[in-house]
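Working notes, structure below.
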Amino acid sequence: MQGDGDGWVTCAQGHRHWGRYGAAGLLIRAADAVVLQHRAPWSHHGDTWGLLGGARDSHETVGTAALREAAEEAGIGPDSVRLTGVHTADHGRWSYTTVLAEAVGPLRPASVNPESVEVRWQPVDAVDRLPLHPGFAATWPMLRAAYPPPHLVVDAANVVGSRPDGWWHRRLSAAQALHDQLAVFARAGLGPWSSPLREGVERLSSGIAPESWPVANRIVGLSWIYPRVTMVVEGQARHIAAGSTVEVVRAVGSGDDAIVGVVRAHPDSLVVTADQKLRRRVGGLGADVVGPQWLRARLDVSSTQPTERPRQ
């Protein structure tokens, strides 16, 4: 499909690149495999393996461009993946943005146009042995390290209880409000600007703002992240209505024990709680911990800004 982004550009380093407004690609990752495209021999850097992607049109965000290319080249629908992060390689006057994602349910990619010899899952450990597209080869070490995505585990009782209006007065409605705020937060993501996907690749940088995610070493090289969010509820709050954006764990017994169970499955999590005993328990399992004030500040920012919904 012809778009206004089609065309060659010479970057500041003197190299020719495809995409008048830059280019974007989608890297879908599972625990031990990634979806890669074997490029057709006639294409630029043909017969190499790289990302599903292409030129970004002037009206597109990097997210919508990457998802569109994945649909055109491999029949991958936007609702079949969840975005997890953004990485931009800026060459000066031209940028390539990799949008990271994970599959939502079973995903069977296949080549659906002549630009690909094949599109399929490749084992992560086999990628370095493939003839890679030069641009992808340069960024692959960082992209490989960007998995698993940041995972936020929220002690709902503790977070709501830290608000002045008091958890104990309206447990169910307060927990529901927190869930709905977390859903907006998860869709908006975190980064150094209010909405990088809306503004395009020009505003993205190589590092995330330190105040956005408190454990910087977990997200080195990413300019935007979309954390997984798990909310643990107990008591009356177990009856909240949950959507698909936020995973809700309904504790049958102790909420603390349920949170520890989540952390055992995801030891690199960031747990939001002020409970000192729980902080020691999850810290001993390898999790990082932050207090409710950090999350409340992020939620307040998300609730006052338009939410970028790259899947729509």
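The values are calculated or read from the model by the stated rules, or taken from the named source; none is laboratory data. Predicted model only: the values in this text are computed from it and were never measured. We place every Cβ from the backbone using ideal geometry, glycine too, and count neighbours over all the protein chains shown.
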Show the residue pairs that are 6+ apart or on different chains and have beta-carbon atoms under 6 Å apart, the first residue being within the stretch 39-54 and within 16 Å of HIS17 (Cα to Cα) and at pLDDT below 90, the second being among the basic types (Lys, Arg) and part of a strand (DSSP E or B).
GLY46/ARG39
Quick one: which residue in GLY63, GLY46, GLY53 is in the same structural domain as PRO131 (by TED's automatic domain parsing), in contact with a Gly (Cβ under 6 Å, 6 or more places away or on another chain) and not hydrophobic (A, V, I, L, M, F, W, C)?
GLY53
What number goes with the only condition from (1) part of a helix (DSSP H, G or I); (2) surrounded by fewer than 21 Cβ atoms within 10 Å (Cβ to Cβ); (3) touching a residue at least 40 places away in the same chain (Cβ under 8 Å) that GLU69 does not pass?
(2)
Just name the residue that is farthest from HIS133 (Cα to Cα) out of those in the stretch 13-38 that are in contact (Cβ under 8 Å) with a residue 60 or more places away in the chain and over 29 Å from the mean Cα position of the chain (by Cα).
GLN13
Can you pull out the residues in the stretch 217-257 that are in a strand (DSSP E or B) and either closer than 25 Å to VAL99 by Cβ or not β-branched (Val, Ile, Thr) (or both)?
TRP224, ILE225, ARG228, VAL229, THR230, MET231, GLU247, ARG250
Out of the stretch 258-276, which residues are among the β-branched types (Val, Ile, Thr), part of a helix (DSSP H, G or I) and closer than 15 Å to GLY161 by Cβ?
ILE259
Among ARG29, ARG20, which is the only one that is in the same structural domain as THR88 (by TED's automatic domain parsing) and either modelled with pLDDT under 90 or closer than 24 Å to GLY92 by Cβ (or both)?
ARG20
Taking the stretch 260-293 on its own, how many of its residues are farther than 21 Å from TRP213 by Cβ and free of Cβ contacts under 8 Å to residues at least 60 places away in the same chain?
8
Residue by residue through the stretch 33-51, note down the ones that are charged (D, E, K, R) and part of a loop (DSSP other than H, G, I, E, B).
ASP47
Filtered residues of the stretch 1-33 (kept if surrounded by 22 or more Cβ atoms within 10 Å (Cβ to Cβ) and either in contact with a helix residue (DSSP H, G or I) (Cβ under 7 Å, 6 or more places away or on another chain) or within 21 Å of ALA145 (Cβ to Cβ) (or both))
GLY22, ALA24, GLY25, LEU26, LEU27, ILE28, ARG29
Identify all residues within the stretch 77-98 that are in contact with a strand residue (DSSP E or B) (Cβ under 7 Å, 6 or more places away or on another chain) and within 27 Å of PHE185 (Cβ to Cβ); write none if there are none.
SER80, VAL81, ARG82, LEU83, THR84, GLY85, VAL86, HIS87, THR88, SER95, THR97, THR98
